[in-house]
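Structure first, then comments.
The values are calculated or read from the model by the stated rules, or taken from the named source; none is laboratory data. Note that the structure is predicted; figures quoted are calculated from it, not measured. Glycine gets a Cβ as well: all are built from the backbone with ideal geometry, and neighbour counts include every protein chain shown.
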Amino acid sequence: MSGGFFATRMDRFLGWARARSLWYLSIKTGCCADELMETVGCRYDIERFGCVAVEDPAQADLLVVTGVITQKSAPEIRQVYDAMLGPKYVLAIGACACSGGPFSELGDQAAISGLQKILPVDVFVPGCPPRPEAIMNGLIALQEKIKGGNRRVQAGS
């Protein structure tokens, strides 16, 4: 029996367990928050995938950000991310969180053109606003990434 057999099996098991028990903290600042709340509701029910909402950043391992990121809110979002314990993941939902959306085209200096400017984003879910199915697809892509699968990082419609 080789020494790496047990470690490999344990890594696969831990990846499976982490992917199926994501506790998320959401920062909702725009119209994409409505679609996220619809995804949490009884029709789509993301709790089937092991996602449970928490209020304390120390308990969360997934940060879900929707809406416009402004210069004023960026330090607070970074502070919430830093308060999370590792391993931690970030899901950017909507065109505003992914690339600044229509606000970046206007040259608005208050809006940041994408969450990746302040945080390392694991999965982007584009759309304005994205459908709940796209959000579920982004969640599945994140679970595949955590397990170590070969799924594309950008989930979309």
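Structure notes:
- Residue within region 71-80 that is at pLDDT 90 or above, surrounded by fewer than 18 Cβ atoms within 10 Å (Cβ to Cβ) and under 26 Å from LYS147 (Cβ atoms) present: yes
- Test: VAL90 is in a loop (DSSP other than H, G, I, E, B), under 24 Å from ALA141 (Cα atoms) and touching a residue at least 12 places away in the same chain (Cβ under 8 Å): no
- All positions within region 16-69 that are of a type in the set (A, V, I, L, M) and assigned to a strand (DSSP E or B): LEU25, ILE27, VAL52, ALA53, LEU62, LEU63, VAL64, VAL65
- Any hit, region 75-86, residues being in contact (Cβ under 8 Å) with a residue 12 or more places away in the chain, basic (Lys, Arg) and assigned to a loop (DSSP other than H, G, I, E, B): no
- Given (1) in a helix (DSSP H, G or I); (2) modelled with pLDDT of 90 or more; (3) aromatic (Phe, Trp, Tyr), number of the condition PHE13 does not satisfy: (2)
- Taken over region 35-61, the criterion of being of a type outside the set (A, V, I, L, M, F, W, C) and closer than 14 Å to MET136 by Cβ is satisfied by GLU35, GLU38, THR39, GLY41, ARG43, TYR44, ASP45, GLU47, ARG48, GLY50.
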